[in-house]
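What follows is a single structure, written as C-alpha cells, with notes after it.
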Amino acid sequence: MSVPPLWIIDLANNVTACLEPLEPMPPLGCHYHLSEGCWEISIFPAHTEIVGGPLDGHQTAPRFRVDLLAIATLFSSIEDIAWQTRSVNDEDQLGAHIAITGVCDHESVSVRVLQSAPSEFEPGRKALTNEGCLIETW
C-alpha cells in the first residue's frame, strides 16, 4: 500500500485518540481505500493470541469504548452514523463496527471503527502465559 495522504494520517490519529481502552490495548491498524469518490478509512485493534496454557492458540479482541461525539467533531458535515453489530455474511470482513460518513478536510469520507482486526490480519500481540508478558508483533 502506498503512503497515505497526510490528512488521512492526521484523521486516523485523531480517531484513535477517541478510543478509550478498558484494558491494555494491542496495536491499532488502519486501512484506507478510495471507492467511488469516497475515502473508506478503517481503524481496528489487533487480536491478541494466547501462547501456552490451556487456551494456547486462542485469539481475543480487546475491550474499548468509542467516543462517537468526539469523532463526529472531526467532520465538517455528517451524512450518516451507523452501527453494525455483526458480520452480515461470510464475505463481510468488517464485522462489528461503527461508521460515520461525511466530509473531512473537503473530502468525502467514511470512517469505520472495527471491533477487531479483519481475519486476514495476523494477531498483533501475543500473550505469553508462561512468562506473564505481552509481546507486540505489529
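Whether any residue in the stretch 104-120 is surrounded by fewer than 13 Cβ atoms within 10 Å (Cβ to Cβ) and either closer than 15 Å to Leu68 by Cβ or small (Gly, Ala, Ser) (or both) is what I want to check.
yes
I'd like to know if the stretch 57-75 contains one or more residues that are closer than 22 Å to Glu40 by Cα, surrounded by 17 or more Cβ atoms within 10 Å (Cβ to Cβ), β-branched (Val, Ile, Thr) and touching a helix residue (DSSP H, G or I) at 6+ places or on another chain (Cβ under 8 Å).
Checking the stretch 57-75: at least one residue is closer than 22 Å to Glu40 by Cα, surrounded by 17 or more Cβ atoms within 10 Å (Cβ to Cβ), β-branched (Val, Ile, Thr) and touching a helix residue (DSSP H, G or I) at 6+ places or on another chain (Cβ under 8 Å).
What do you reckon, is Thr73 more than 18 Å from Glu20 (Cβ to Cβ) and either out of contact with any strand residue (DSSP E or B) (no Cβ under 8 Å at 6 or more places or on another chain) or of a type in the set (Val, Ile, Thr) (or both)?
Taking the combined requirement at face value, the residue does not satisfy it.
Scan the stretch 65-72 and give yes if some residue there is part of a strand (DSSP E or B), among the hydrophobic types (A, V, I, L, M, F, W, C) and more than 18 Å from Trp138 (Cβ to Cβ), otherwise no.
yes
Can you name the residue in the stretch 93-128 that is basic (Lys, Arg) and over 16 Å from His33 (Cα atoms) and, of all such residues, is farthest from the chain's Cα centre (by Cα)? If you could, list the steps in order and put the result at the bottom.
Here is the first cut: in the stretch 93-128, the residues basic (Lys, Arg) are 112, 125-126.
From the residues that got through so far, the ones that are over 16 Å from His33 (Cα atoms) too are 125-126.
Numbers: Arg125: 15, Lys126: 18 Å.
Per the stated criteria, the residue is Lys126.
Give the number of residues within the stretch 1-30 that are assigned to a strand (DSSP E or B), touching a residue at least 40 places away in the same chain (Cβ under 8 Å) and among the aliphatic types (A, V, I, L, M).
Selection size over the stretch 1-30: 1.
Restricting the stretch 26-51 to residues that are within 15 Å of Phe121 (Cβ to Cβ) and of a type in the set (A, V, I, L, M, F, W, C), which is surrounded by the fewest Cβ atoms within 10 Å (Cβ to Cβ)?
Cys30
Of all residues in the stretch 81-138, how many are in a strand (DSSP E or B) and either free of Cβ contacts under 8 Å to residues at least 40 places away in the same chain or not hydrophobic (A, V, I, L, M, F, W, C) (or both)?
Within the stretch 81-138, residues that are in a strand (DSSP E or B) and either free of Cβ contacts under 8 Å to residues at least 40 places away in the same chain or not hydrophobic (A, V, I, L, M, F, W, C) (or both) number 20.
Coordinate-derived values only; no laboratory data. These numbers come from a predicted model, not from an experiment. Every residue, glycine among them, receives a Cβ derived from its backbone with ideal geometry; neighbour counts consider all protein chains shown.
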